[in-house]
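I have placed the structure first, in the form of structure tokens, so that the comments after it can refer back to it.
A short reminder: the numbers here are calculations on the coordinates, not readings from a lab. Since we're looking at a predicted model, the values are computed, not measured. For neighbour counting, all protein chains shown are included, and Cβ atoms are generated from backbone atoms with ideal geometry for every residue, glycine included.
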Amino acid sequence: MYLGTKSASGQAVNGQDDSSQKFRMEVLNGLSRSPKRLDSKYFYDSEGDKLFQQIMAAPEYYLTRCELDIFQNKTADLADVILSDGSSFDLVELGAGDATKSVYLLQHLLDKGADFSYMPIDISGNILSVLNEKLKAQMPKLGMVMLEGEYLQMLGKAMSLSKRRKVVMFLGGNIGNMSPVDAKRFCLQVRERLEPGDLFLIGFDLKKRPETILNAYNDKAGITAEFNLNLLRRINKELDANFDVQQFEHYESYDPETGACKSYLVSLAAQQVTIGSSNVQFDKDEIIFTEISQKYSKADINTMAAATGFELVQNCTDSKGWFIDSFWKAV
Ligand code: AVJ
């Protein structure tokens, strides 16, 4: 089954215009604030997707390998929590992508004869149809409902589609791309849509040796720097702008007190940039804040669960103890 908010035909033309208008508005708004900012959700055009693939393969970027370690080697622990209730369920994944990690869990659940459907949610209908084909070939017995759209809206849809209990997964440390305040609001919004007893599995990157964290976003090959600068290239291409990318530099900071790891672009000169019919002025050394990758302690995770209507059931961690997939139960 394939469900989305937009009709397949109406989407192409209107969807493009709307999203490009929104992109322009958000860029101009962000660059008129102080400090200037751009939203990290815009990193992922086709170039950004490729650079992110390279980041995940970089020796310094440990997050993906840690969570893969959990899904490959702690699969039974994950499945035990999910199956302890005994009843059938729907496994909903927010931002499923190509489900590289989840497939290990899906296969294990099938092998155990669990009665469940997989409901991946993604903004990209394209990636969902690729996933649909891949899983149909790999796991022909798996029941699937692909949900194309915004996470919260599609979670509501998943709730209305079936009365079975829900297990919602939000992996990849993507919660880190929200400030702690926004992350809390998001968890509350997820909770509002769930029923008591439903499970929420969230991937958190842990606070650790500051050097290790900083290096993950400052790889020696400069891939993360290119990833960050690619946002300016994307704006040039899609919004008729003239950023001189050479005149900006990637800067990463990590504050071990708050766990905030932040990416910036620094203007190397006083300069003016044109974006469509607008002009934006940069002072020398002025910064654009582009991304937060928030790190959490175990205590932070406990607090977040309790503050958003959940009870922490179990933490699953990788062999290094650097990353946690945390199971929460809606109370
Ligand atoms: C995809 C949000 C988990 O913040 O670590 C990687 C994105 N940015 N390197 C992260 C990212 C720079 C990544 N997440």
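If you line up the Cα atoms of the range 13-101 on their principal axes, what length do they span on each, largest first, in Å?
If we take the Cα atoms of the range 13-101, the spans are 51, 36, 29 Å.
Using a Förster radius of 22 Å, what is the FRET efficiency between residue 20 and residue 153 based on their Cβ-Cβ separation? Nearest 0.05, please.
About 0.60, to the nearest 0.05.
Only sites in a loop by DSSP and with at most 11 other Cβ atoms within 10 Å count here; which GluC sites (Glu not before Pro) in the range 269-321 make the cut?
Taking the range 269-321 and a limit of 11 other Cβ atoms within 10 Å, no loop GluC sites (Glu not before Pro) are found.
Cα-based Rg of the range 243-331 per 2.2 N^0.38 Å, rounded to two decimals?
For the range 243-331, the normalised Cα radius of gyration is 1.64.
What span do the alpha-carbon atoms of the range 84-152 cover on each of the three principal axes, reported in whole Å from largest to smallest?
The Cα atoms of the range 84-152 stretch 32, 27, 18 Å along the principal axes, largest first.
Stretch residue 179-residue 85 to full length: gain in nm at 0.36 nm per residue minus the Cα-Cα span?
Result for the pair: 30.6 nm of gain on full extension.
Check each of the trypsin sites (Lys or Arg not before Pro) in the range 121-183 and keep only those in coil by DSSP with at most 10 other C-beta atoms within 10 angstrom; list them in order. Spell out each step's value before the answer.
Details: sites: 134, 136, 141, 157, 163, 164, 165, 166; in loops: 141, 163, 164.
Answer in residue order: 141, 163.
Over the Cα atoms, compute the radius of gyration (one decimal) and Dmax (the largest Cα-Cα distance, rounded to a whole number) for the chain, in Å.
20.5, 63
For Cα pairs less than 8 Å apart in space and 6+ apart in sequence, what is the mean separation divided by the residue count of the chain, i.e. the relative contact order in percent?
On the way: 569 pairs, mean separation 70.0, N = 331.
Taking the mean separation of contacting Cα pairs over the length of the chain, I get 21 percent.
How far apart, in nm, are two points set 7 Å out from the Cα along the Cα-to-Cβ line at residue 311 and at residue 164?
Modelled inter-label distance: 2.4 nm.
Using every alpha carbon pair in the range 178-295, what percent of pairs falls into each 5 Å bin from 0 up to the bin containing the largest distance?
Final binned percentages: 2, 10, 16, 17, 15, 13, 12, 9, 5, 2, 1, 0.
Any idea how far apart residue 56 and residue 242 come out in nm if each label point goes 7 Å out from Cα toward Cβ?
It works out to 3.8 nm between the two label points.
Please state the relative contact order of the range 245-331 as a whole percent: Cα pairs under 8 Å, 6+ residues apart?
Values: 133 pairs, mean separation 17.2, N = 87.
Taking the mean separation of contacting Cα pairs over the length of the range 245-331, I get 20 percent.
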